[in-house]
Amino acid sequence: MGALKAVILVGGGGTRLHPLTYEIPKAMVPVLNRPFLEHTIAYLKNYKVKDIILALNYLPEVIQNYFGDGSNSGVPLNYAVEDNPLGTAGAVKNAERYLTSTFVVLNGDVFTDLDIADMVAFHRGKGAKATIGLTWVDDPCAFGVVETDSDGRVRRFIEKPSPAQVTTNWINAGVYLLEPEVLQHVPPNTHYMFEKGLFPLLLKLGEPVYGYPSNGYFLDMGTPGNYLRLNCDLLLLKAKSALVGSLSREGVGCDKEVIIHPSAEVVGPAVIGSKCRIDPKACIKGPVVIGSNCHIGEDANIEVAVLWRGVNIGAGVTLKQCILGTNTKIEDNEQVINAVVTSDKARVALIEGSYS
Ligand code: GTP
């Protein structure tokens, strides 16, 4: 595969992840204690992507300050910052100056292991101008469905079909391969979307648009339930990140200076960040992620949870299926079950699910 460039769409405030994303962009929420976007960059790096352009519009400086020119990530990074949200296709148009050959576009909230090299071979083999990665879902009614013919050529897009309209379970996975000339159809400095704008237009113009079906892992992590699920799936080895080394299903990965009292019990899979302290008789049962500088009080019980950094859990607390934002404090003997809680005491319910 020749060297590819990639655009990652890092827009929106991630409203569906509120209150976690009041202060940080969705792309920076920690997954196994590393910003989500770092996992995506590592994934693209594995496919020898030689240059990544981050299309940003919400708190861009947070992302630019963290990643800089990409030297720490091992891939050169460029930024295309929008004054106002330009939509998915408009944001890529805004990065057009960097795009002179076939390039890949990724929705910034998608975690996938789709085989980009194979998708590129498919795209070239078909002579496509645009290839849309497809993933199969049981119920496509909340998604953009993509109908293809037996050769994979796209026949029709149906946005959020009613059950009667469902003709296929393959949906748009938010991963595209595009030829730069398709951007001539995207108006500059105008809000314009791939799903409702460019792709239907290309079909109308008779351009070769193909769908590439993938059976790989796919998750839009932009809801609290899916965010928790992604952390759990990675710990349970149902998904693999190119960023983190080998995890083991029963393992407990501790960072530097973690103090676990000998009478506390930690059952993996779990990841514990640096400088955490776990008090006597606390019981942690994975999948669990604990950020750096957290304190877990005596007799606390934690099961299926993601704690960001600086979280303070009182004695006798029970946590189950929850996400706690940075510096959240939970008072002694409180129970937090199926919930997202942040330091300003914002609390939203997490839809019950099976995470382990
Ligand atoms: P948000 O919650 O607003 O991030 O979007 P969404 O999860 O509802 O997803 P949507 O289908 O609207 O967008 C798909 C991807 O494109 C997500 O990663 C968005 O963050 C990103 N995106 C959407 N609109 C824009 C935009 O105007 N500019 C940029 N740069 N990215 C965008």
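Worth a mention:
- Of the strands (runs of 3 or more DSSP E) that lie entirely inside the stretch 310-356, those containing 3 or more residues that are over 14 Å from HIS18 (Cβ atoms) span 318-324, 335-341.
- Hits in the stretch 27-66 (condition: closer than 13 Å to VAL7 by Cα and surrounded by fewer than 17 Cβ atoms within 10 Å (Cβ to Cβ)): LYS50
- Every condition in (1) crowded, with 16+ Cβ neighbours inside 10 Å; (2) at pLDDT 95 or above; (3) over 21 Å from the mean Cα position of the chain (by Cα) holds for VAL304 except the one numbered (3).
- Just one of the listed residues (ILE290, ILE313, ILE351, ILE330) is open to solvent by less than 70 Å² (accessible area, probe 1.4 Å) and under 20 Å from the mean Cα position of the chain (by Cα), namely ILE290.
- Within the stretch 1-26, being more than 14 Å from the ligand (Cβ to nearest atom), charged (D, E, K, R) and either modelled with pLDDT under 95 or open to solvent by less than 30 Å² (accessible area, probe 1.4 Å) (or both) holds for one residue alone: GLU23.
- Residues of the stretch 254-287 classified as farther than 20 Å from TYR227 by Cα and surrounded by fewer than 21 Cβ atoms within 10 Å (Cβ to Cβ), total: 21
- Residues of the stretch 78-87 that are at pLDDT below 95 and more than 9 Å from the ligand (Cβ to nearest atom): ASP83 alone.
- Residue match in the stretch 196-203 (condition: of a type outside the set (Phe, Trp, Tyr) and in contact with an Asp or Glu (Cβ under 8 Å, 6 or more places away or on another chain)): yes
- For GLU265, the conditions (1) in contact with a Gly (Cβ under 6 Å, 6 or more places away or on another chain); (2) over 29 Å from THR112 (Cβ atoms); (3) of a type outside the set (Val, Ile, Thr) are fulfilled apart from (1).
- Verdict on LEU59 being farther than 22 Å from VAL244 by Cα and touching a residue at least 24 places away in the same chain (Cβ under 8 Å): yes
- Once the stretch 88-112 is narrowed to residues that are more than 12 Å from the ligand (Cβ to nearest atom) and within 17 Å of VAL175 (Cα to Cα), the residue that is most open to solvent (accessible area, probe 1.4 Å) is SER101.
- Contact annotation: residue pairs with Cβ atoms under 8 Å, 6 or more positions apart or on different chains, pairing a residue in the stretch 3-16 that is farther than 12 Å from ASP109 by Cβ with a partner that is among the aromatic types (Phe, Trp, Tyr) and open to solvent by less than 10 Å² (accessible area, probe 1.4 Å), are LEU4/PHE103; LYS5/PHE103; ALA6/PHE103; VAL7/PHE103.
- Residue match in the stretch 51-61 (condition: within 15 Å of the ligand (Cβ to nearest atom), part of a helix (DSSP H, G or I) and either closer than 21 Å to ALA305 by Cα or touching a Cys at 6+ places or on another chain (Cβ under 6 Å) (or both)): no
- Strands (runs of 3 or more DSSP E) enclosed by the stretch 100-159 - at least 3 residues per element that are of a type in the set (Val, Ile, Thr): 130-136, 144-148
- With respect to (1) within 16 Å of the ligand (Cβ to nearest atom); (2) within 19 Å of PRO30 (Cβ to Cβ); (3) touching a residue at least 40 places away in the same chain (Cβ under 8 Å); (4) not aliphatic (A, V, I, L, M), the lone exception for ASN231 is condition (1).
- Looking across the stretch 160-193 at every residue that is within 15 Å of ALA95 (Cβ to Cβ), of a type in the set (S, T, N, Q) and not in a helix (DSSP H, G or I), the one that is least open to solvent (accessible area, probe 1.4 Å) is identified as THR190.
The values are calculated or read from the model by the stated rules, or taken from the named source; none is laboratory data. The shown structure was predicted, so the numbers you read here are calculated from the model rather than taken from an experiment. Here Cβ is always computed from backbone atoms with ideal geometry, including for glycine, and neighbour counts include all displayed protein chains. Ligands, DNA and RNA are excluded from the accessible area calculation, which covers all protein heavy atoms including side chains. Shrake-Rupley method; radii C 1.70, N 1.55, O 1.52, S 1.80 Å.
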